[in-house]
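Have a look at the structure below, then the notes.
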Amino acid sequence: MNLYKHVSDAINEKLGFAANLEIPRNRDFGDFSTNAAMVGAKIAHKNPRELANEILPKIQELDFVESASIAGPGFINIKIRNDFILKHAEAPKPQKAEKPLVIDMDYGAYNVAKSLHIGHLRTSIVGDTLNRIFKFLGHKTFSWNHIGDWGKPMGLIIAWIERTHPELPYFQDNFDPKTPVDYEIDPTELNNYYPAASAFAKENAEFQARAQEIKAKFQAGHPGYFALYEKFLAISLHTMNNTVQRLNILPFDYDLGERNAAKYLGQVEKILNEKHMIYESDGAMVINTKRDTDTAPMPPYMWRDSRGADTYDSTDLAAVYCRKLTDNPDKIIYFTDLRQSLHFEQLFRTADASGIYPYDKFEHIGYGTINGKDGKPFKTRDGNAAGLDDILDMANDAVSARIAESNKKLDKETIQSIALAAVKFNDLMHDVKSDYVFDTSAITSFEGRTGPYVLYTAVRLNSVLNRATIEPKITDTTINEDERNLLLTVMDFDRTIQTACENRATDMIANYTYNLCQLINSFYHTSPILRDDVDINTQQTRLYIAKLARDTLITATELMGLQIPEKM
Ligand code: ARG
């Protein structure tokens with residue numbers, strides 16, 4: 001039961017108007033507090049305190065109310081009956097949405113032939129958790145890994161291979177794709193090509209021009225470049241797949257990015273031209289996105305660059321068109337770094353003006369930067385931008401060191417799950433929009449607001465439940481304060497997930513989980529379960545509570561994509 005909703009609905013129904021229900025921070029005076037007397041007083045032009053006295057008996061009549069009292073200017077505090085709590089607390093289950101939506105979610109969005117970096121961490125983790133939450137709440141989602149596979153890096157990499165392996169036949173304009181070529185790209189090498197090529201291009205204008213020329217020819221369908229591209233695409237898709245597994249995120253529904261979208265450019269261009277939206281500016285083809293109300297600069301949207309090549313902008317609009325045809329979504333949500341906000345604002349305006357997709361059904365969730373202790377974007381010890389794998393490896397090392405220190409022995413998989421939980425939970429518990437400092441030592445601690453603490457709590461609870469030989473069931477309706485608080489929090493799961501979803505606030509689920517774990521641990525300390533000096537009825541009831549708490553915790557961790565080890 002969603003207790004909050006139940007109590008709120010019952011009060012509103014009883015009084016005949018809608019009041020606001022709150023969960024006080026301090027539960028000493030009540031589990032809920034309503035402003036019903038204030039709202040009612042406004043309607044009836046009465047004094048709130050007087051009206052509170054009139055309303056109070058009505059609230060006391062409600063079957064879940066243990067006691068109710070008036071506080072301050074007319075708030076009514078309500079305490080819920082213990083037997084009601086015990087009877088109605090239940091484990092969370094997937095819900096049916098009142099209005100199920102079809103939602104396209106664009107996250108991950110890794111790049112071909114460019115190694116995954118720290119910037120891809122939040123899009124993957126936050127995107128995946130929101131995807132899981134939408135599904136849990138009964139919506140239909142499609143996740144799109146909008147792969148960067150059509151832009152500048154393709155030209156640079158092909159140009160780099162041409163420079164280092166000029167003997168290969170791929171560079172001839174009459175290359176026949178059926179020609180057998182004895183050439184394999186070394187996957188670890190591939191990661192070096194892009195940084196090497198872009199550094200070289202900065203110093204060498206000729207190479208830079210060559211890369212641009214190659215890119216344009218590649219986009220126009222050069223058979224040799226395409227054959228080469230297919231080779232590194234295969235390697236990149238494999239790497240992406242490994243990352244998806246390593247991060248324990250749901251597999252993408254579509255691994256289709258810019259190249260796929262480019263197929264629709266012709267159709268989209270036709271629509272834009274019918275509306276006379278494209279015009280020439282300094283040799284490039286652009287679209288105006290300015291509105292009269294704008295106070296900040298709003299540059300034009302780049303439809304084709306001055307070399308006639310497709311752009312990040314144009315393929316993104318084509319991707320919207322493609323999604324409209326494929327999924328016909330009620331919403332399209334993008335997860336990228338905040339620094340891309342302007343791009344998405346322009347995309348949404350252009351899609352809206354062209355009639356391809358309405359502005360108000362788009363959403364861009366921009367997240368903040370992951371910084372080092374110096375407050376600057378996080379770098380590895382050698383001063384390089386951190387790769388996504390580097391981050392996970394560092395967390396792994398930190399967990400291994402802690403385990404070794406405490407003389408525990410845990411297998412490799414367990415250490416990996418703990419390290420992953422450390423990284424993911426830390427990411428999720430921060431407000432999406434703000435930057436945070438990445439500190440391997442803090443996030444891998446087994447105490448405090450961390451992933452390892454959450455896993456440890458779950459492992460311990462699992463072990464109690466696995467050891468039990470008695471049946472978990474309510475045989476006793478007296479519950480202590482810790483049991484009560486724990487159950488009230490279990491009954492707040494549905495509301496939390498709904499609010500987290502509405503606000504796209506993954507930190508709400510992380511903080512709920514941490515709070516739940518703290519309550520589980522106090523319950524564990526004050527309310528012994530499988531002990532001979534505890535009577536059997538209490539044992540069974542406590543086991544029942546432990547099971548509800550465990551199931552709630554498991555659901556929460558699943559929504560965050562954490563894996564709970566057997567032991568810790
Ligand atoms: N590939 C881009 C990057 O790594 C992100 C793409 C985001 N999605 C989109 N539809 N533009 O920064």
Residue 364 vs. criteria within 19 Å of the chain's Cα centre (by Cα) and within 12 Å of the ligand (Cβ to nearest atom): yes
Residues within the range 156-188 that are surrounded by 12 or more Cβ atoms within 10 Å (Cβ to Cβ) and not polar (S, T, N, Q), tallied: 18
Where a residue in the range 482-507 is within 20 Å of residue 426 (Cβ to Cβ) and its partner, wherever it lies, is among the acidic types (Asp, Glu) and surrounded by fewer than 24 Cβ atoms within 10 Å (Cβ to Cβ), with Cβ under 6 Å and at least six apart: 507/431
Filter result (more than 24 Å from the chain's Cα centre (by Cα) and not in a loop (DSSP other than H, G, I, E, B)) within the range 510-534: 519, 520, 521, 522, 523, 524, 525, 526
Restricting the range 314-332 to residues that are farther than 11 Å from residue 102 by Cα and of a type in the set (A, V, I, L, M), the residue that is farthest from the ligand (Cβ to nearest atom): 325
Filter result (more than 29 Å from the chain's Cα centre (by Cα), modelled with pLDDT under 95 and not in a strand (DSSP E or B)) within the range 300-326: 305, 306, 307, 308, 309
Considering residues of the range 385-438 that are of a type in the set (S, T, N, Q) and part of a helix (DSSP H, G or I) only, the residue farthest from residue 248 (Cα to Cα): 400
Subset of the range 15-57 that is of a type in the set (D, E, K, R) and in a loop (DSSP other than H, G, I, E, B) - its residue that is surrounded by the most Cβ atoms within 10 Å (Cβ to Cβ): 31
Candidates 261, 234 - the one that is crowded, with 19+ Cβ neighbours inside 10 Å, over 30 Å from residue 558 (Cβ atoms), of a type in the set (A, V, I, L, M) and under 35 Å from the mean Cα position of the chain (by Cα): 261
First in the range 327-349 and free of Cβ contacts under 8 Å to residues at least 40 places away in the same chain and assigned to a helix (DSSP H, G or I), second anywhere and more than 8 Å from the ligand (Cβ to nearest atom) and not aliphatic (A, V, I, L, M), Cβ under 6 Å, 6 or more apart: 341/366; 344/364; 348/359; 348/362
Helices (runs of 4 or more DSSP H) within the range 209-289 that include 1 or more residues away from the ligand (no atom under 16 Å from the Cβ), of a type in the set (Val, Ile, Thr) and touching a Pro at 6+ places or on another chain (Cβ under 9 Å): 223-246
Condition check for residue 302: within 14 Å of the ligand (Cβ to nearest atom), in contact with an Asp or Glu (Cβ under 9 Å, 6 or more places away or on another chain) and over 23 Å from residue 107 (Cβ atoms): yes
Residues located in the range 452-473, provided they are assigned to a helix (DSSP H, G or I) and not β-branched (Val, Ile, Thr): 452, 453, 455, 456, 458, 460, 461, 462, 463, 465, 466, 467
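Listed here are the residues, each with its yes/no results for (1) closer than 22 Å to residue 368 by Cα; (2) in contact (Cβ under 8 Å) with a residue 60 or more places away in the chain; (3) not β-branched (Val, Ile, Thr).
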{"residue": "45", "(1), (2), (3)": "no, no, yes"}
{"residue": "103", "(1), (2), (3)": "no, yes, no"}
{"residue": "122", "(1), (2), (3)": "yes, yes, yes"}
{"residue": "125", "(1), (2), (3)": "yes, yes, no"}
Residue match in the range 387-396 (condition: touching a residue at least 60 places away in the same chain (Cβ under 8 Å) and within 14 Å of the ligand (Cβ to nearest atom)): yes
Selection status of residue 8, closer than 24 Å to residue 488 by Cβ, assigned to a strand (DSSP E or B) and either hydroxyl-bearing (Ser, Thr, Tyr) or at pLDDT 95 or above (or both): no
Identity of the residue in the range 163-213, acidic (Asp, Glu) and within 40 Å of the chain's Cα centre (by Cα), that ends up farthest from residue 234 (Cα to Cα): 203
Condition met for residue 506 (surrounded by fewer than 16 Cβ atoms within 10 Å (Cβ to Cβ) and either of a type in the set (A, V, I, L, M) or at pLDDT 95 or above (or both)): no
Filter pass, residue 279 being surrounded by 19 or more Cβ atoms within 10 Å (Cβ to Cβ) and aromatic (Phe, Trp, Tyr): no
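The values are calculated or read from the model by the stated rules, or taken from the named source; none is laboratory data. Small disclaimer: the values here were computed from a predicted structure and weren't measured. Note: ideal-geometry Cβ built from the backbone for every residue, glycine included; neighbour counts use all protein chains shown.
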